[in-house]
1. From the list 362, 328, 294, 307, which one is at pLDDT 85 or above, more than 24 Å from residue 153 (Cα to Cα) and among the polar types (S, T, N, Q)?
2. Do we find that residue 19 is assigned to a loop (DSSP other than H, G, I, E, B), at pLDDT 80 or above and not assigned by TED's automatic domain parsing to the domain that holds residue 349 in this structure?
3. Which one of these is farther than 30 Å from residue 248 by Cα and not small (Gly, Ala, Ser): 289, 336, 316?
4. Restricting to segment 285-337, and then to whatever is assigned to a loop (DSSP other than H, G, I, E, B) and of a type in the set (Lys, Arg), can you tell me which residue is farthest from residue 179 (Cα to Cα)?
5. Could you figure out which of (1) among the hydroxyl-bearing types (Ser, Thr, Tyr); (2) within 35 Å of the chain's Cα centre (by Cα); (3) at pLDDT 90 or above isn't true of residue 35?
6. Could you list, in sequence order, all residues of segment 68-94 that are at pLDDT 70 or above, more than 29 Å from the chain's Cα centre (by Cα) and not polar (S, T, N, Q)?
7. Could you tell me how many of the residues in segment 26-68 are within 16 Å of residue 81 (Cα to Cα), assigned to a helix (DSSP H, G or I) and free of Cβ contacts under 8 Å to residues at least 24 places away in the same chain?
8. What are the residues in segment 240-276 that are out of contact with any Asp or Glu (no Cβ under 8 Å at 6 or more places or on another chain) and among the β-branched types (Val, Ile, Thr), if any?
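The values are calculated or read from the model by the stated rules, or taken from the named source; none is laboratory data. In this text, all values refer to a predicted model and were calculated from it rather than measured experimentally. Note that we place each Cβ from the backbone using ideal geometry, even for glycine, and neighbour counts take in every protein chain shown.
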Amino acid sequence: MSSDQPRVLVIDDDPGIVDYLLDMLRQADYSVAGYTDTTDALNAIAAEPFDLVISDVEMPGMRGLDLIAAIHRLRPEQLVLLITAFGSIELAMQSVRAGACEFLTKPFRIEELYAAIERALLDRQMRRTAVRIGSANANNDENAFIAYSPRMRQMLALAKRAAAVDSTILLTGESGTGKSAVARWIHELSPRRQGPFVSVNCAALPQTLVESELFGARKGAYTDSHQNRHGLFVQADSGTLFLDEIAELPLEIQPKLLQALESGKIRALGDTQETAVNIRLIAATHQPLEQRINERQFRADLYHRLNVINLEIPPLRERKEDMDELVNVLSRQISLRLGKMMPVNISAEVLRWIRAYHWPGNVRELSNMLERAIALTEHDTLLLEDLAQASRLPKSEDFLQNAMTKGWTLENLELAYIRHVLDATGGSKIQAARILGMDRSTLYRKLG
């Protein structure tokens, strides 16, 4: 049997229905397994991945909605298609709210089931197709973005189109979102890919040397200038110049940068002649430049010259769909870099915490936290206690001691944690319910 056949698990308390569905699904070239007992089915799901689970709503000892919750505790992203002989709009809505991807009412034609399966798998494929980008000669994860989330996919699509033209690009977004990686990718996709990619952080340049670093200096132009020196503009000729943290560029240098962009010529410090340069400029900032303009720390005319194409890199908290694969890729990279024989696994509780945390430092913070945790762990699987050592995750006993001092009841504790998870997920009750390990109807009831 081909290993690339979609794997489907069928759960129904009627052996005849299980046998019939298994037979029909095999004829449609699916790899199948079937169970009449929910415990056996859950053990199978825990043991191996399935592309889709098809389950009856009414099962002995466990209703379908409770079964969905149990499945998602084992595999949070598992696709579940529910079938029932007691169809109603209310039950269908409850099923979808509980996490079912499709809902079919018995009796149904087998073609309807095939269509429902195809829709579910196609939707999963669209959401799970990572956009791999990087060097044309590099196929490793170091040169890949993870982009399942709509915002990240949209940004990358715009960046790809922007790479084909020679316009100036301004990358905006919070610190740690990967602006420098996007800048390099744009260069590698552009017609200038054979030229140099020169990157500089404007905040790291000594203020007294910014002009000479960017535009060069002639011998004797200043103390210790003992020979002619090319600036970054000349070094980037025929390629791309990336100015990171452009908001930190000194105000007195900004007119000269504007002139260089508009004329395509630069004048080295101490020189009387201009030099033509052929560069594509990409700038980046995590600061709102409009605010810097209002504070008279940044020139409006330079801002408009830089902001020809604006690409905003989304923060990690708005890329929930990317989180699991990003953790997977980073943990493999880090384990390899630290000389681990095998990649460190990530426990379900750690993954739930990672999904819930708001990540103010974005991908950089996630990567650093994972590296510290993997470096310090004594296990082959990361546990919450490893994150407590590697991050600012508060120790549970401190929180519990504080709660006891305040005289909180168990109900107070539960509600406080539910609201904390809701805040961390941006109010998403779907994500919060999965992290909390409860169905959404239970979550709604506890919130009152």
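1. 294
2. So residue 19 fails the test.
3. 336
4. Per the stated criteria, the residue is 296.
5. (2)
6. 82, 83, 85
7. 0
8. 240, 246, 272, 275
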